[in-house]
Amino acid sequence: MDKSMLGDLDSLPEEDKIKMARMIDQLQVSDSLRMYNSLVEICFSDCVDTFRRKTLDKQEETCVRRCAEKFLKHSMRVGMRFAELNQGAATPD
C-alpha cells in the first residue's frame, strides 16, 4: 500500500491508522478483481464466437491478446490521468 495515502491521517491513533490501511488494501484488491473480471468478460464476449474446441483458435487467441492489451493500456492511462488530476487538486494554488 502507498503510505502517502495515509499522510492526512497523522492525527489518528495508531490503531485507527492500521484499520484504515487494511481498508485501503481491501479496496485495492477489490478494485483489481473488478478490473480483471471486466477484462475477461469484455474480451470473451468480443472474441469468442463458438465453442468448437477446448482451446481458442488462432483468430480468437489474437483477438483476446489485443483486447487485453488495449484494456490494460487504457486502464493504466486512466489511472495515470487520475493521479495527475489528484496531485493537481492537492497542490495549493
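Odds and ends about this structure:
- Estimated from helical segments only, the mean residue ellipticity of the chain at 222 nm is -26500 deg cm²/dmol, where each DSSP H run of four or more residues counts as -39500 (n - 2.57).
- Choice from 77, 52, 66 with maximal GNM fluctuation in the chain (Cα, 10 Å cutoff): 52
- Charge dipole (the chain, unit charges on Cβ, about Cα centre) - positive-most of 11, 71, 27: 71
- Tensor-based shape of the chain (alpha-carbon gyration tensor, a/c under 1.5 rounded, otherwise prolate or oblate): oblate
- Summarised in one figure, the compactness ratio Rg/Rh of segment 8-59, Cα atoms and Kirkwood Rh, is 1.39.
- Charge dipole (debye, nearest 20) of segment 9-90; +1 at Cβ of Lys and Arg, -1 at Cβ of Asp and Glu: 460
- Helix 58-90 axis, angle to the chain major axis (alpha carbon atoms, nearest 10°): 20
Taken together, the values in this text are just the output of simple stated rules run on the coordinates, not laboratory data. Everything numeric in this text was worked out from a predicted model, so none of it was measured. FYI the Cβ positions are ideal-geometry reconstructions off the backbone, even for glycines, and counts take in every protein chain you see.
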